[in-house]
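The values are calculated or read from the model by the stated rules, or taken from the named source; none is laboratory data. Because the structure is predicted, anything quoted here is derived from the model rather than measured. Side chains are part of the model used for accessible areas, which takes the heavy atoms of the whole protein and leaves out ligands, DNA and RNA. Shrake-Rupley method; radii C 1.70, N 1.55, O 1.52, S 1.80 Å.
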Amino acid sequence: MKKKLTALALAAVMMLMLAAGCARSETDHKIAMVTDSASVSDNHLNQAVWQGLELIADEYGADINFFRPSGPSTDNFMEGVDTLIENGYDVIVFPGALFTETLERACAAYPDCIFVGIDCDMESVPSNAVTVSFDKSQAGFLAGLAAAI
């Protein structure tokens, strides 16, 4: 259930961003994600986010990609950000709280790009970032409801 909600939330955020009147046309957007060093088929958050990006690609014709770093450190994640931006990606998604520091660094280093943090806990969100948080208590409620039904 968490995967579906995360994918839907990401898809909604990305659709809003694409429809917000950016200077480029919708088909010119290049959207990528940096994984937490796991694959995009990990049956977890990476996969849910990737499936959301695939929906956006199908709906809007956006070019999507991902970078799988060699390790789960901020420096490895920033290497991915640098590589993706050098390749023309203008929207980069970070799936998970592990990316909070990376999100802060990337926003400061690349003010012309848009960054999306899933479950990143930031005190103040920069103007070139969007954060989406999942309320863990809702998952427990839905699991209890499903069990009761």
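Computed from the alpha carbon positions, the gyration tensor of segment 71-128 leads to an equivalent ellipsoid with semi-axes of 16, 14, 9 Å, biggest first.
Geometric descriptor of segment 63-102, per residue, is 68 Å³ (volume of the convex hull of the Cα atoms). Nonpolar atom fraction for segment 85-139, defined as the carbon and sulfur part of the 1.4 Å probe accessible area, stands at 46 percent.
Whole-Hz Karplus values for segment 34-50 come out as 9, 7, 8, 5, 8, 7, 7, 10, 8, 6, 9, 4, 4, 5, 4, 5, 4 Hz, taken residue by residue from phi with 6.51 cos²θ - 1.76 cosθ + 1.60 and θ = phi - 60°; glycine and proline positions read x.
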